[in-house]
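The values are calculated or read from the model by the stated rules, or taken from the named source; none is laboratory data. Bear in mind that the values here come from a model prediction, so they are computed numbers and not experimental data. No Cβ is skipped: glycine too gets one built from the backbone with ideal geometry, and neighbour counts run over all protein chains shown.
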Amino acid sequence: MAFADFSLEMVSSRFELTLPPRADLFAGTEPVEIPPVLRAVLDRWTPQALEVNTEKARSELIIAPILMEAMYLAGRDLGVYSGVSLDVDRERGLYGRCDYLLGRRSGPFLLGSPMLAVVEAKNEDIPGNLGQCVAEMIAVRIINERKGHPIPVVHGAVTTGVEWLFLRLAADAVTFDLRERFLDDVGRIVAYLAAIGG
């Protein structure tokens with residue numbers, strides 16, 4: 001079993017997680033004005049990504065530009081790590097390739113302290129990919145603990161590119177955002193991502 005093999009039910013049971021009611025994870029976070037460079041990329045390439053309608057097209061033409069611009073806005077020494085493989089704890093299934101990890105840079109070729117796992121929703125199925133995201137979030141928490149940088153809250157998101165669902169892991173509780181966010185509200189999506197990175 002690897003990250004992608006987990007359902008939400010499986011990961012909740014294996015790691016004894018609770019699922020409290022949905023909550024507004026970013027209460028008080030106002031949308032940002034969409035940076036012109038991101039607006040230009042999305043205006044130019046979103047129609048192509050949706051026409052091709054593959055996970056790879058949405059990943060490269062919608063998801064990656066949003067993540068990169070959000071980390072740029074968050075400042076400091078943050079990076080977007082795409083396709084990174086983690087091998088945290090094979091016996092518990094905490095290994096595999098992560099679609100995206102966002103975190104601090106640690107030097108060339110090195111992942112620093114990750115703080116956010118982003119999973120591309122396979123088959124445009126956000127609920128069906130929540131287990132993978134939670135498993136990656138647990139792995140992120142363990143990585144930070146091992147590096148001596150424990151973080152009390154780990155964030156995650158599952159996205160089709162057009163639709164985003166954010167979640168938060170704190171102690172043994174996984175809380176889902178109050179509602180999904182859509183690409184027509186990209187200023188809010190970028191604000192959420194930048195708030196996590198900031």
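Worth pointing out:
- All positions within region 125-170 that are closer than 17 Å to Phe15 by Cα, without any contact (Cβ under 8 Å) to a residue 24 or more places away in the chain and either aromatic (Phe, Trp, Tyr) or in a helix (DSSP H, G or I) (or both): Glu145
- Taking region 143-198 as the range and being aliphatic (A, V, I, L, M) and on the phi > 0 side of the Ramachandran plot as the test, only Ala171 passes.
- Within region 48-70, residues that are closer than 18 Å to Asp184 by Cα have Cβ atoms under 6 Å from residues that are in a helix (DSSP H, G or I) and hydroxyl-bearing (Ser, Thr, Tyr) in these pairs: Ile62/Thr46, counting only partners at least 6 apart in sequence or on another chain.
- All positions within region 64-121 that are of a type in the set (Asp, Glu) and either surrounded by fewer than 17 Cβ atoms within 10 Å (Cβ to Cβ) or in contact with a Cys (Cβ under 8 Å, 6 or more places away or on another chain) (or both): Asp77, Asp87, Asp89, Glu91
- Residue that is surrounded by the fewest Cβ atoms within 10 Å (Cβ to Cβ), among those in region 165-191 that are of a type outside the set (A, V, I, L, M) and under 18 Å from Val134 (Cβ atoms): Asp172
- Of all residues in region 142-152, those that are touching a Leu at 6+ places or on another chain (Cβ under 9 Å) and either modelled with pLDDT under 95 or within 24 Å of Lys122 (Cα to Cα) (or both) total 1.
- Top-ranked residue in region 1-58 [being among the polar types (S, T, N, Q) and farther than 12 Å from Gly131 by Cα; ranked as farthest from the chain's Cα centre (by Cα)]: Gln48
One line per residue, one yes/no per condition, for (1) surrounded by fewer than 16 Cβ atoms within 10 Å (Cβ to Cβ); (2) part of a loop (DSSP other than H, G, I, E, B); (3) in contact with a Gly (Cβ under 8 Å, 6 or more places away or on another chain):
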| position | (1), (2), (3) |
| --- | --- |
| Met10 | yes, no, yes |
| Ser13 | yes, no, no |
| Ala27 | yes, yes, no |
| Glu33 | yes, yes, yes |
| Arg39 | yes, no, no |
| Asp43 | yes, no, no |
| Ala49 | no, no, yes |
| Ala57 | no, no, no |
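- The residues of region 76-100 that are under 25 Å from Arg58 (Cβ atoms), outside any strand (DSSP E or B) and either in contact with a Ser or Thr (Cβ under 9 Å, 6 or more places away or on another chain) or not hydrophobic (A, V, I, L, M, F, W, C) (or both), listed by number, are Gly83, Cys98, Asp99.
- Candidates Val186, Val118, filtered to the one that is in a strand (DSSP E or B) and touching a helix residue (DSSP H, G or I) at 6+ places or on another chain (Cβ under 8 Å): Val118
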